[in-house]
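Here's the structure, in structure tokens; my notes come after.
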Amino acid sequence: MAKIQLKSDNINPFGGLFSIFKQFDRSGLRQTIDSALGKRGTTKAAFTYGDVFASLFGSYLCGGDCIEDLMDVKSFWDGRDKLRVCSSDVALRTLRKLSCDNVTYKSTQDKSYDFNTNERMNTLLLKCLAVTGQLGRGDCVSLDFDHQFIAADKKDAKYSYKKADGYFPGVASIGGLIVGVENRDGNANVKFHQADTLERIFTRLETECGVLVENFRADCGSFSEDILKMVSGHCEHFYIRASNCQSRRTEFMEHGDWTEVTIGGQQCGVTSFKFDSMLPELNLRLVVQRTPVTDEDPDAEPEGLFGTEYVYRCIVTNDWDKSERDIICYYNKRGASERNFDCQNNDFGWARLPFSFLKENTVFLIATAMLKNFYLYLLGILDGRVKGLDRTARLKRFLRCFVIVPAKWIKSGRRNVLNLYTRRRIYLELAC
């Protein structure tokens, strides 16, 4: 029978975090954060904003579920090799002070809705992407936009049609990178003042990063005249899911010129119409896909009256060059950007917001969006250098393959030395 011995040696399981802290400094993130936010305190003993963000990032990259888990990181790393890890209380106070007041809009029904844009933090989000080289001047990108309902039992959370209290932030992304977050009440209609939100996001990308938005994709929550008009002035092409109406469905069912194609392994018909029911001066095109109900979803509401019954889906665009199939396939790729929400909720704390008010939670959403972008930066460095890691790895795999390595601090020659119990030299390469 095996014998078990308990050892009191101070060994930490997250030795890979040392290299992550070094990359945080080397990437220029610390300097960028401190430069953008200024001094946090008046004495040398005060933690800088860079210290606070590095501590927060380190906690979640070690698998933390909430800000309070930061204390598990602090006990081992703080004060070693000039590393400064703040407490969870300091992190919470710092994020709270970075909040800005809400903006209240009134609807035509005289109802009030609170929005929080936090221009300062959203600008910092883009500056961090620029300094790490993840976005560069002159880049032509595809921008995706969507709203994500975050259930939260907070003091100012509003009841949503999702049948829960929470917030409904609008999130813009370029691939896996999050480039803009603006928070709003959970009961606010997604189209309400969305044009203003998108205008700010486009303007920041153009002024802060010099990025050119070539294509824009969004769901039917962005299908309105003011949004289409605003978006058309900031990108070359846009692809927005259009909502159906009875007159359109009748036109689709009477239309006879359908091209049969295969999309996603599914046989369907596609065609195009000139879309002039709004903004005729933009020369818009309506791309329609029809799929037999039996192939799609037996429980779906049928659109036909006789013979084969179809489900119709529409995309409004100003692109007349691509084929219907190419436009539909390109639009469907926005599903990859929607996986950002799953990653943020499960890996980076969006499912457990720390504050009681919308304006403070907005800071947390943007701070953890910065963390997600930094995480992708780390994956780019480690891709092909650590077995099992690539640019699409989720946090659980990152923890297992890189972060989790036994570590112990020892004294040698009046210096702190970190012993890592591994044969992989990647940690030396990243730390030196």
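Between the alpha-carbon centers of region 170-229 and region 241-287, tell me the distance in whole angstrom.
Result: 25 Å between the Cα centres.
For the chain, which whole percent of the accessible surface, found with a 1.4 angstrom probe, sits on carbon and sulfur atoms?
Its accessible area is 48 percent carbon and sulfur atoms.
Please report, ordered by residue number, every helix of the chain (full DSSP H runs) that is 27 Å or longer along its axis going by C-alpha atoms and whose mean Kyte-Doolittle hydropathy reaches 0.5. It would help to have the intermediate numbers written out before the result.
Values: long enough: 358-382 (36 Å, 1.13).
TM-like helix candidates: 358-382.
What is the magnitude of the charge dipole of the chain about its Cα centre, with +1 placed on the Cβ of each Lys and Arg, -1 on the Cβ of each Asp and Glu, and no other charges, expressed in debye to the nearest 20?
On the way: 60 positive and 56 negative charges, 677 e Å.
The dipole of the chain has a size of about 3240 debye.
Please list, by residue number, every one of the GluC sites (Glu not before Pro) in region 220-286 that is coil in DSSP and has at most 15 other beta-carbon atoms within 10 Å.
Answer in residue order: Glu236.
Could you state the number of Å between the C-alpha centres of region 46-79 and region 397-431?
When both Cα centres are located, 18 Å separates them.
Could you give P(r) for region 280-432, binned at 10 Å from zero, as whole percent values over all Cα-Cα pairs?
Calculated over all Cα pairs of region 280-432, the distribution is 8, 20, 20, 24, 15, 8, 4, 1, 0 percent.
Nearest 0.05, what FRET efficiency do Asp139 and Lys163 give at R0 = 35 Å with Cβ-Cβ as r?
That pair, Asp139 with Lys163, gives E of 0.30.
Which lysines does Lys191 reach when only Cα atoms under 21 Å apart count, and residues fewer than 8 places away in its own chain are ignored?
Lys106, Lys111, Lys158, Lys162, Lys163, Lys229, Lys359
So what is the relative contact order of the chain, in percent, for Cα pairs below 8 Å that sit 6 or more residues apart?
For the chain, the relative contact order is 19 percent.
Search the structure for amide H atoms under 5 Å from the amide H of Asp319, placed 1.01 Å from N in the peptide plane, and list their residues when 5 or more places away or on another chain.
So Asp319 has HN proximity to Phe238, Arg285.
Please identify every one of the trypsin sites (Lys or Arg not before Pro) in region 1-49 that sits in a loop by DSSP and has no more than 13 other beta carbons within 10 Å of its own beta carbon.
Passing sites in region 1-49 are Lys3, Lys7, Lys39, Lys44.
Among residues other than Val190 whose Cβ falls under 11 Å from its Cβ, what is the net charge (Lys/Arg +1, Asp/Glu -1)?
Computed value for this residue: 0.
Go ahead and run the numbers for FRET between Val417 and Asn187, Cβ-Cβ distance against an R0 of 56 Å, rounding to 0.05.
Efficiency at R0 = 56 Å is approximately 0.50.
Could you point to the residue in Ala431, Gly64, Gln267 farthest towards the positive end of the chain's charge dipole, with +1 and -1 charges on the Cβ of Lys/Arg and Asp/Glu respectively?
So the residue furthest toward the plus end is Ala431.
Quick check: from the Cα gyration tensor, does region 145-258 come out rounded (a/c under 1.5), prolate or oblate?
oblate
If the cut-off is a Cα-Cα distance under 18 Å, which aspartates and glutamates reach Lys274, setting aside same-chain residues fewer than 8 apart in sequence?
Reachable aspartates and glutamates: Glu225, Glu251, Glu254, Asp257, Asp319, Asp321, Glu324, Asp326.
What is the calculated FRET efficiency for Lys333 to Cys100, with r their C-beta to C-beta distance and R₀ = 30 Å, to the nearest 0.05?
E between Lys333 and Cys100, to the nearest 0.05, is 0.30.
Be a star and scan region 155-177 for residues whose amide nitrogen sits under 11 Å from the point 7 Å along the Cα-to-Cβ vector of Ser107.
Within reach of a label on Ser107, which here means backbone N under 11 Å from a point 7 Å along Cα→Cβ, region 155-177 contributes 161.
Would you mind calculating the gained length between Val261 and Glu214 on full extension (0.36 nm times residue separation, minus the Cα-Cα distance), in nm to one decimal?
In short, 14.3 nm is gained.
Given a 1.4 Å probe, how much area per residue of region 148-289 is accessible, in Å²?
Working: 5850 Å² over 142 residues.
In whole numbers, region 148-289 has 41 Å² accessible per residue.
What 222 nm value per residue comes from the helices of the chain, counting each DSSP H run with n ≥ 4 as -39,500 (n - 2.57) and dividing by all residues, nearest 500 deg cm²/dmol?
-10500 deg cm²/dmol
The values are calculated or read from the model by the stated rules, or taken from the named source; none is laboratory data. These figures come from a predicted structure and were not determined experimentally. We place every Cβ from the backbone using ideal geometry, glycine too, and count neighbours over all the protein chains shown. Remember, those area values only see protein heavy atoms, side chains included, never the ligands or the DNA or RNA. Shrake-Rupley method; radii C 1.70, N 1.55, O 1.52, S 1.80 Å.
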